[in-house]
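The values are calculated or read from the model by the stated rules, or taken from the named source; none is laboratory data. Computed from a prediction, not measured in an experiment: that's the story for all the values here. Here the Cβ positions follow ideal geometry from the backbone for every residue, glycine too, while neighbour counts run over all protein chains shown.
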Amino acid sequence: MLTFESPSYLFLLILLPVFLYLRHFSPASDRGLRISAGIWRKGTVPLKQGGVKLILLFSSVLFWVGILLLTLTLSGPSISIHEKIHLNRGADIVVVLDQSPSMAARDFPPETRLDAAKNMLNFFVSARKNDAIGLVSFGQEAVLKVPPTTDYGSFLRRLDECHIMELGEGTAIGMGLAVAVLHLSESRADQRVIILITDGDNNAGEVQPLSAASMAAQMGIRVYTIGIGAEGDIPFEFRNPETGQILSGVLKSSFDEDLLTELSEMTEGRYFKATSPGTLESVFRSIDSLETIEERVRIQVRTVPLYRIFIMAALLLILADLLIRKVLLREVL
Amino acid sequence: MTVVYPESFWLFIPLVLLIIPAYFNYRKGHRLLGKLAGQWRFDRISQIYLVRTLIYWSTVLLFFIFSILALAGISWTKEAVRDESDGLDIIFAVDISRSMLASDVSPDRLGRAGELISSITAGYPSGRFGLVVFKGEGEVIVPLTEDRIIMETAVNSLSPAMFTAPGTNLAKGINRALTAFPEGSPGKKMIILISDGEALSGNARTAARECSIQGIEFIVIGAGTAEGAMIYNADGSVVSDSEGQAVVTKLDLAELTGIAESASGRYYDLSDVKTPGLVLDDISSVLGGSGIEGMRLQNRTSYRGFLIAAMVFLVINLAASRIRWSRWY
């Protein structure tokens with residue numbers, strides 16, 4: 001929004017019509033030299049000045065618009081930007097995402113489980129305002145991709161880069177949880193939360209899921225577990241990132257619901273089963289409503305001064321007027 | 001005195017060129033008046049015309065001179081403004097070009113930069129930190145976070161191999177650091193730039209000035225020495241240029257201090273053992289604010305005075321053209 005820091009200077013605009021009158025309409029506005037035209041051709045000299053007058057009019061418009069801009073500049077034009085500043089701390093949330101090959105199953109048509117989970121995370125993150133969100137991926141190994149941050153742009157960019165089998169073939173749920181716990185261990189947030197999204201059994205890694213959950217419980221970190229995908233025979237297709245080969249087939253899908261339930265109960269979290277796009281969305285809505293913190297904000301107004309743009313524009317207009325009159329029309333007086 | 005936009009002074013050069021049309025306009029007008037007015041009053045009219053021309057063009061020039069001074073954003077004083085920020089968010093912008101592998105600073109420039117970052121993060125445990133690395137482009141490696149572990153891991157892995165973008169562009173690094181602050185944070189903002197200053201492209205001073213305009217604190221850490229050092233490949237051979245001469249990389253002190261000045265920031269030497277302590281002192285003083293609770297000091301740009309002067313000369317110019325000089329001559 002355009003605002004003026006010192007609007008009292010706008011009163012100077014009243015003077016503009018006065019100057020306009022003095023320059024163009026007052027009886028003294030004629031600049032001229034009295035000469036006799038009769039001595040040349042014994043009569044009046046017809047002068048066709050239609051084009052010149054038009055150019056002069058255009059030039060005058062440039063000049064007065066320039067003056068108008070300069071007068072506006074005195075009043076300090078600026079753009080006001082309203083920013084929402086969060087006064088209290090939100091929760092620290094780490095999403096632990098399974099990237100094992102089974103996440104390529106297409107029971108969320110036309111998307112794979114991983115794509116469906118990424119889309120829902122996108123939606124979930126977009127709804128957060130002040131919660132620091134991190135991302136841990138796991139397959140055979142686990143890795144922290146984004147530390148808990150409120151830079152949601154960075155989070156979403158790296159989430160988008162997650163691909164099937166990027167971290168090997170296995171499903172190291174325990175390792176994924178342990179990495180998330182480690183990176184939440186120094187957090188000073190009142191609420192610390194892990195959201196585990198997986199579709200399989202723990203079959204890799206040196207840390208057992210229950211051990212990792214026990215560490216989380218001791219630190220007061222809540223773990224929400226989401227078992228994603230339907231059970232039974234599900235078609236899958238994905239490109240192996242190492243070989244570039246496209247692999248497809250039918251997956252006998254199942255996951256250890258008992259383990260996921262136990263992990264969440266140990267840490268006072270909840271277990272959710274998401275077998276379809278609709279249920280996955282409702283799962284994230286549930287977590288969203290469970291993890292709410294009273295938000296205290298203040299609106300900060302930041303102003304971006306525009307005086308340089310106004311002065312530059314005014315100078316160009318006035319210079320254009322000067323050059324038109326003195327160079328193009330060769331004005332003498 | 002601080003000049004926020006010193007490049008505005010370049011406009012004085014085309015302004016000097018205005019003398020050319022002024023001169024030709026005078027000569028043309030002088031000749032024309034001779035023809036129109038007749039010889040019997042030419043001397044008198046010539047005098048009037050000279051005075052009018054001098055007044056006209058001198059007021060025009062003064063109008064442009066003062067307008068350019070207004071554009072330059074000259075500031076003499078600081079003013080106290082309301083500041084309700086709480087805490088401090090720091091982004092480290094680290095140059096990871098190959099010249100940062102020079103070992104004129106022990107163990108090498110990049111290694112020493114990592115040590116400095118670790119000292120600062122350890123010395124200010126309640127802060128949030130982020131890490132941007134840059135070569136020809138800039139990239140956020142660690143978004144703003146309280147997670148010390150990931151910062152430590154990232155700092156330990158600093159290497160030119162992290163990023164393939166060729167060249168060195170300090171401006172890209174600073175601009176990327178500028179955008180790494182998430183919206184809605186109540187904290188003050190600080191960028192700590194660590195580089196040897198050897199840039200191949202980009203205008204780092206303009207980028208640094210943007211930090212000052214946005215109220216972001218800026219610290220520049222110079223990595224290297226004026227004597228410089230050779231750069232070694234992984235196989236131990238010396239990096240050489242196209243003519244086979246060994247490349248010696250030197251600290252560009254003038255460029256780095258210039259960047260610090262443009263951002264109204266401070267410059268420190270990476271090889272100085274006092275630097276971590278001095279940076280931590282700066283962090284404490286930023287957190288302490290101006291000394292008055294809830295207030296901070298910022299430059300007060302005095303463009304309005306120059307603009308009023310410019311407009312006064314324009315009014316004189318208009319008024320002078322209305323006067324019937326022939327009454328007084």
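In the same structural domain as B:V220 (by TED's automatic domain parsing), at pLDDT below 90 and among the hydroxyl-bearing types (S, T, Y): does that describe B:S321? It would help to see each step written out before you state the result.
Details: in the same structural domain as B:V220 (by TED's automatic domain parsing): no; at pLDDT below 90: yes; among the hydroxyl-bearing types (S, T, Y): yes.
Against the criterion (in the same structural domain as B:V220 (by TED's automatic domain parsing), at pLDDT below 90 and among the hydroxyl-bearing types (S, T, Y)), B:S321 does not qualify.
How many of the residues in segment A:220-263 are in a helix (DSSP H, G or I) and among the hydrophobic types (A, V, I, L, M, F, W, C)? Give the steps one after another, and end with the answer.
Within segment A:220-263, the subset in a helix (DSSP H, G or I) is A:257-263.
Of the ones still in play, those that are also among the hydrophobic types (A, V, I, L, M, F, W, C) are A:259-260, A:263.
So the answer is 3.
Find all pairs meeting these conditions: Cβ atoms under 9 angstrom apart; at least six residues apart or on different chains; first residue within segment A:1-17 and in contact (Cβ under 8 Å) with a residue 24 or more places away in the chain and assigned by TED's automatic domain parsing to the domain that holds A:L72; second residue of a type in the set (F, W, Y) and assigned to a helix (DSSP H, G or I).
A:L16/A:W64
Identify, from the list A:L57, A:L69, the residue that is within 14 Å of chain B (Cβ to nearest Cβ), within 28 Å of A:F310 (Cβ to Cβ) and at pLDDT 85 or above. Give the steps one after another, and end with the answer.
Values: A:L57 fails: within 14 Å of chain B (Cβ to nearest Cβ).
Answer to the selection: A:L69.
Can you tell me which residues in segment B:21-80 are at the interface with chain A (Cβ under 10 Å from one of its Cβ atoms) and small (G, A, S)?
B:A22, B:G29, B:A37, B:G38, B:S67, B:A70, B:A72, B:G73
Among A:L196, A:L156, which is the only one that is under 17 Å from A:S100 (Cα atoms), surrounded by 17 or more Cβ atoms within 10 Å (Cβ to Cβ) and either under 25 Å from the mean Cα position of the chain (by Cα) or away from every other protein chain (no Cβ under 14 Å) (or both)?
Details: A:L156 fails: under 17 Å from A:S100 (Cα atoms).
Result of the check over A:L196, A:L156: A:L196.
Give me the residue from segment A:93-130 that is within 14 Å of another protein chain (Cβ to nearest Cβ) and out of contact with any Asp or Glu (no Cβ under 7 Å at 6 or more places or on another chain) and, out of that set, surrounded by the most Cβ atoms within 10 Å (Cβ to Cβ).
Restricting to residues being within 14 Å of another protein chain (Cβ to nearest Cβ) and out of contact with any Asp or Glu (no Cβ under 7 Å at 6 or more places or on another chain), the top hit is A:V94.
Could you list all residues from segment B:105-147 that are farther than 23 Å from B:P166 by Cα, away from chain A (no Cβ under 14 Å) and not polar (S, T, N, Q)?
Correct list: B:V105, B:P107, B:E115, B:L116, B:I117, B:I120, B:G123.
Step by step: first the residues of segment A:302-315, then only those that are over 12 Å from B:L71 (Cβ atoms) and more than 10 Å from every other protein chain (Cβ to nearest Cβ), then the one that is surrounded by the fewest Cβ atoms within 10 Å (Cβ to Cβ). Which residue is that?
It comes out as A:T303.
Would you check if there is a residue in segment A:264-282 being in contact with a Gly (Cβ under 8 Å, 6 or more places away or on another chain), within 14 Å of another protein chain (Cβ to nearest Cβ), surrounded by 16 or more Cβ atoms within 10 Å (Cβ to Cβ) and not in a helix (DSSP H, G or I)? Break it down stepwise before answering.
Within segment A:264-282, the first condition is being in contact with a Gly (Cβ under 8 Å, 6 or more places away or on another chain), and the residues that meet it are A:271-275.
Pick out the ones that are also within 14 Å of another protein chain (Cβ to nearest Cβ) and you get none.
Looking for residues that are in contact with a Gly (Cβ under 8 Å, 6 or more places away or on another chain), within 14 Å of another protein chain (Cβ to nearest Cβ), surrounded by 16 or more Cβ atoms within 10 Å (Cβ to Cβ) and not in a helix (DSSP H, G or I), one finds none in segment A:264-282, hence no.
Quickly run through segment A:119-172 and pick out the residues that are charged (D, E, K, R), modelled with pLDDT of 90 or more and closer than 19 Å to A:I228 by Cβ.
Scanning segment A:119-172 gives A:K145, A:D160.
Would you mind stating whether B:L251 is buried (at least 16 other Cβ atoms within 10 Å of the Cβ), touching a Gly at 6+ places or on another chain (Cβ under 7 Å) and part of a loop (DSSP other than H, G, I, E, B)? Talk me through it step by step, then tell me what you get.
Working: buried (at least 16 other Cβ atoms within 10 Å of the Cβ): yes; touching a Gly at 6+ places or on another chain (Cβ under 7 Å): yes; part of a loop (DSSP other than H, G, I, E, B): yes.
The answer is yes for B:L251.
Any chance segment B:173-180 includes a residue that's within 14 Å of chain A (Cβ to nearest Cβ), crowded, with 20+ Cβ neighbours inside 10 Å and in a loop (DSSP other than H, G, I, E, B)?
Yes: segment B:173-180 contains one or more residues that are within 14 Å of chain A (Cβ to nearest Cβ), crowded, with 20+ Cβ neighbours inside 10 Å and in a loop (DSSP other than H, G, I, E, B).
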